[in-house]
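Working notes, structure below.
The values are calculated or read from the model by the stated rules, or taken from the named source; none is laboratory data. Just so we're clear, the structure is a prediction, and the values are computed from it rather than from any experiment. Here the Cβ is made from the backbone with ideal geometry for all residues, glycine too, and neighbour counts use every protein chain on show. The accessibility values were calculated without ligands, DNA or RNA, using every heavy atom of the protein model including side chains. Shrake-Rupley method; radii C 1.70, N 1.55, O 1.52, S 1.80 Å.
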Amino acid sequence: MMNAEKYMNQTVIDLPPSGIRKFFDLASTMEGCISLGVGEPDFVTPWHIREACFYSLEEGYTMYTPNSGMPELREAICQYLQKYNLHFDWEKEVLVTVGASEGIDVALRTLISSGDEVLIPDPSYISYAPITTLVGGVAVPVNTYEKDEFRLTVAELEKVVTPKSKVLIMPYPNNPTGGIMGKEDLEAVAQFAIKHDLIVISDEIYSELTYDADHHSIGALPNMKERTIVLNGFSKAFAMTGWRVGYACGPASFIAQMTKIHQYTTLCAPIMGQMAALEALKNGRQEMEKMIASYKQRRNLIVDGFRKLGFDCFEPKGAFYIFPSIKFTGLTSDEFVEQLLMKEKVAVVPGTAFGPSGEGFIRCSYAASVNNLNEALRRIGRFLESIGKNK
Amino acid sequence: MDNLTKELLILLENNNRLTTEQIGSMLKASPEEIAERIDQLEKEQIIVRYNTVINWEKAQVHRPTALIEVNITPQRGSGYDKVAERIYRFPQVKSLYLVSGTYDLCVIVEGDTMQEISNFVAEHLACLEEVRGTKTNFIMRSYKKDGVIFNDNTTDKRLVISL
């Protein structure tokens, strides 16, 4: 028997597997399971956007677009981003990518040389660290805490920064915690980035989904444009996850190099998705606002529900997750998630899937129907009783 | 109208089986306050009735429905209102709208049989002296009603867990 491993890149082999595989396999086959583990909107893409895509196909738009994306779309993106005081030149400072995910990849590939350190808030979305490793960089977690509502603080950054630190990832509003960064929080981090000459990759995919608070981009702060790559996309705001359209905006010198990688690896984002994205930017505001209003109501419902069950749960101001502490149960995140799934058929994600700081927490998505949220709360209450930890 | 009341109405319009506790949680108000507001809205007849949208076709209960275009002569002093009242008082009339366009009143009539609806038009509606003409359109299939798509089989197609 051939030893396949010897033919493969050791760095790839050593990448950790996804932390949710076993729960996914269990939950997928479970009849009557309610999932609060889904990391995408529960809305289908609004009809006018889908319909615009049908029309573009009828009209024969089935070809490549320019590498950096359709000019009309790039122009529309620049116009849209002005709402966050971000000003970009659509010809030189925008790259349309295959989801914001590709943006993370090409940005890190462009910036990181062997041994460079990337500061990554912990807990965070799962892809920053593995991509850093793949490009030869060193992922350095920066702890964030519940007491700070999982905001990134300069105090924690100062603990881990070294002369080798080159890039800071800013994933806010944050998946999994729902934490956001206020303007003052960002100003402090911006000063830190300037002081240590760091480039910031600001992943703002959840920017539209903030409640009782406005989203601010670190790229809009004084002297930050030249050192910030802003990533965003259509997946969360317009319920367009499967379309795979995102964008990266930043200084022309960075974008030009990123575009080369994008050109050689993907050529261009799919034209159907770009057509749909253009329609979303032109006419999508009304439907989006309905979705945001609905998320907010469901956030209120689930936060209230968890608190009534006795959980410590700060009220997240962004994304569509809550990140309650489960420490009072005496269980680890993994144990809690597994037992809840087996006993009550409710699927949630252990905080540890998003980094070691996630231990003692679970991520619950409220992108689920009100009926399912209520039923999940009932079952979680019953679960707490069964382990003797009810309020 | 304040935002809270408007949000409350929209929630109830879509699902009037939410409890005051649930609505209170969603809108960050106490159940008592929600109950009070609902009471008030009922008194003011802003909330008129709690309806249920039923797909009768699926229940295999035959309920013929017709959309009748009616041209009328408005009356001195009362305009269309008096004639409209003479029509909407009939229990067979499910809905009635004054519309702009080529006819005046849009009358939705429901009956147990098509014959019953035909009789209603012939014996009651068309004979009213203010009615100048009618055109009866029987509804052949309901696709969507009050914002709800019938036979909508858009199930949750998302992966059970994703990061």
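Can you pull out every residue in the range B:132-163 that is assigned to a loop (DSSP other than H, G, I, E, B) and away from chain A (no Cβ under 11 Å)? Explain how you work it out, then say what you get.
First, the residues of the range B:132-163 that are assigned to a loop (DSSP other than H, G, I, E, B): B:139-143, B:146-147, B:150-163.
Result: B:Ile139, B:Met140, B:Arg141, B:Ser142, B:Tyr143, B:Asp146, B:Gly147, B:Phe150, B:Asn151, B:Asn153.
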**Item:** Among (1) open to solvent by less than 100 Å² (accessible area, probe 1.4 Å); (2) out of contact with any Cys (no Cβ under 6 Å at 6 or more places or on another chain), the one test that A:Met2 misses
**Value:** (1)
**Filtered residue count, the range A:33-70, keeping only those that are over 24 Å from the mean Cα position of the chain (by Cα) and over 30 Å from A:Ile20 (Cβ atoms)** = 20
**Asked** Which residue, of A:Leu36, A:Leu15, A:Leu86, is within 12 Å of chain B (Cβ to nearest Cβ) and open to solvent by less than 60 Å² (accessible area, probe 1.4 Å)?
**Response** A:Leu36
**Request:** Could you check, for the range A:280-300, whether at least one of its residues is at the interface with chain B (Cβ under 9 Å from one of its Cβ atoms), among the aliphatic types (A, V, I, L, M) and open to solvent by 10 Å² or more (accessible area, probe 1.4 Å)?
**Result:** yes
**Prompt:** Just one of the numbered conditions (1) within 13 Å of another protein chain (Cβ to nearest Cβ); (2) in contact with a helix residue (DSSP H, G or I) (Cβ under 6 Å, 6 or more places away or on another chain) is not true of A:Ile326; which one?
**Reply:** (1)
**Asked** What number of residues in the range B:57-76 are open to solvent by less than 90 Å² (accessible area, probe 1.4 Å), part of a loop (DSSP other than H, G, I, E, B) and in contact with a Lys or Arg (Cβ under 8 Å, 6 or more places away or on another chain)?
**Response** 1
**Message:** Quick check on the range A:16-31. Is at least one of its residues out of contact with any helix residue (DSSP H, G or I) (no Cβ under 6 Å at 6 or more places or on another chain), on the phi > 0 side of the Ramachandran plot and either assigned to a loop (DSSP other than H, G, I, E, B) or of a type in the set (Phe, Trp, Tyr) (or both)?
**Reply:** no
**Asked** Filter the range A:170-210 for residues that are among the β-branched types (Val, Ile, Thr) and in contact (Cβ under 8 Å) with a residue 60 or more places away in the chain; which is farthest from A:Phe150 (Cα to Cα)?
**Response** A:Ile199
**Message:** Return the pair list, or none, for Cβ contacts closer than 8 Å from residues in the range A:364-391 that are away from chain B (no Cβ under 12 Å) to residues that are part of a helix (DSSP H, G or I) and among the aromatic types (Phe, Trp, Tyr), at least 6 apart or on different chains.
**Reply:** A:Ile380/A:Phe306; A:Lys389/A:Phe328
**Message:** A:Tyr264 - would you say it is in the same structural domain as A:Tyr80 (by TED's automatic domain parsing), modelled with pLDDT of 95 or more, surrounded by 20 or more Cβ atoms within 10 Å (Cβ to Cβ) and not in a loop (DSSP other than H, G, I, E, B)?
**Reply:** no
**Message:** Regarding the range A:16-23, can at least one residue be identified that is at pLDDT below 95 and of a type in the set (A, V, I, L, M, F, W, C)?
**Reply:** yes
